[in-house]
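The values are calculated or read from the model by the stated rules, or taken from the named source; none is laboratory data. Source: prediction; values computed, not measured. FYI the Cβ positions are ideal-geometry reconstructions off the backbone, even for glycines, and counts take in every protein chain you see.
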Amino acid sequence: MSFEQAYNKYYKVLLAIPIILIIIALSLIISKYVETGEFINKDVSLKGGVSATVYTDKIVDLNQLKSAIPGDSLTRKLTDFSTGKQLGILIEASDVKSDDLKKILEKELSLTLTEENYSIEETGSSLGKSFYKELITAIIFAFIFMAVVVFITFKNFIPSIAVIQAGFTDIVVTLAIVNLIGMKISSAGIVAFLMVLGYSIDTDILLTTRILKRQERGVFYERMISSIKTGLTMTGTTFVALLAGYIISFSEIIREMFLIILISIVIDIIATYCGNAAILKWYCDKKGIKWSCLKYLKNGESFFYYY
């Protein structure tokens, strides 16, 4: 059985894959909300707390330092981008006051902290919550406006819903995976989810446009394969570039954003070519759009048999 025949026969089974992923992801997200009251693991920039930077090249056991800070905290090294040399240490804590944190750091690092080697910022819980609410609102409005543009573009309910479900799948499943691996999301992470929404729609618009709106030669299967080749080329080059950036980058913010987008790219392949493509196949069948054709010769002339 060829790939074409297998897809034509089992495309509804492929459609079940993103549906199952959405159900599992929503279950995990709702479960987390019931347990913690939050959909994500927030860092200090979203939850509120103290962010301190100690400028030192002294090698420090970050796990030991973290255990000495009461409550929820995060410690990481600051390194030079080109050489990888340690420049300092960043400490984020949400359950300690700035003066108490300074005393703990001086004791654990055996340093006298001054304005020259130490800086600290405090984010109020109300400010963090307000910022978090604004970012979530931005994502919701971006999704709504994206849906409006898609409906205007295709002027048809089913293909538009197919595009929207793919974007929804990318966001929800990526968020569930991020929660599972215990990543704390900063304001930069929320921005990364906005980028996920924008990027995920590219391959779906490409697929839907090439199948339904292009007046080029070929029928559904030929157009779908053409779209998949182009889309996977785009996805592959983006994945390799982001993976390289994630590996060589010393910035935790950049690594956080890149990791979120890398996860979403893998999910987008499933959402687009198992979900969106299968919905379009079902839609084309209902509309009587030809699936494929076989070429044969009769009296030296070419004929096409559509099925």
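For the stretch 67-77, the candidate set comprises residues that are of a type outside the set (Ser, Thr, Tyr) and surrounded by fewer than 17 Cβ atoms within 10 Å (Cβ to Cβ); within that set, the residue that is nearest to residue 108 (Cα to Cα) is 68. Filtered by the rule that a residue be surrounded by fewer than 24 Cβ atoms within 10 Å (Cβ to Cβ) and hydrophobic (A, V, I, L, M, F, W, C), the stretch 149-166 gives 149, 150, 151, 152, 154, 157, 158, 161, 164.
Tell me, yes or no, whether the stretch 55-69 has at least one residue that is in the same structural domain as residue 222 (by TED's automatic domain parsing), in a helix (DSSP H, G or I) and free of Cβ contacts under 8 Å to residues at least 12 places away in the same chain. No. Residue count for the stretch 24-58 under the criterion of being of a type in the set (A, V, I, L, M) and at pLDDT below 80: the result is 2.
Within the stretch 167-181, identify whether any single residue is touching a Cys at 6+ places or on another chain (Cβ under 8 Å) and crowded, with 20+ Cβ neighbours inside 10 Å, and answer yes or no.
Within the stretch 167-181, none of the residues are touching a Cys at 6+ places or on another chain (Cβ under 8 Å) and crowded, with 20+ Cβ neighbours inside 10 Å.
If you check 271, 241 for being assigned to a helix (DSSP H, G or I) and under 24 Å from residue 157 (Cβ atoms), only one passes: 271. Residues that are β-branched (Val, Ile, Thr) and touching a residue at least 12 places away in the same chain (Cβ under 8 Å) within the stretch 169-196 comprise 169, 171, 172, 173, 174, 177, 178, 185, 190, 191, 196, listed in sequence order.
Counting the residues of the stretch 8-38 that are touching a residue at least 24 places away in the same chain (Cβ under 8 Å) and either out of contact with any Leu (no Cβ under 8 Å at 6 or more places or on another chain) or not assigned by TED's automatic domain parsing to the domain that holds residue 179 (or both) gives 13. When the stretch 122-154 is filtered for residues that are at pLDDT below 80 and either hydroxyl-bearing (Ser, Thr, Tyr) or on the phi > 0 side of the Ramachandran plot (or both), the ones remaining, listed by number, are 123, 125, 126, 130, 132, 153. Would you check if residue 184 is within 22 Å of residue 17 (Cβ to Cβ) and among the basic types (Lys, Arg)? Answer is no for this residue. Please find, within the stretch 31-62, the residue that is farthest from residue 101 (Cα to Cα) out of those that are of a type in the set (Ser, Thr, Tyr) and buried (at least 18 other Cβ atoms within 10 Å of the Cβ). Restricting to residues being of a type in the set (Ser, Thr, Tyr) and buried (at least 18 other Cβ atoms within 10 Å of the Cβ), the top hit is 45. If the condition is being surrounded by fewer than 22 Cβ atoms within 10 Å (Cβ to Cβ), aliphatic (A, V, I, L, M) and not in a helix (DSSP H, G or I), then the stretch 182-191 contributes only 183.
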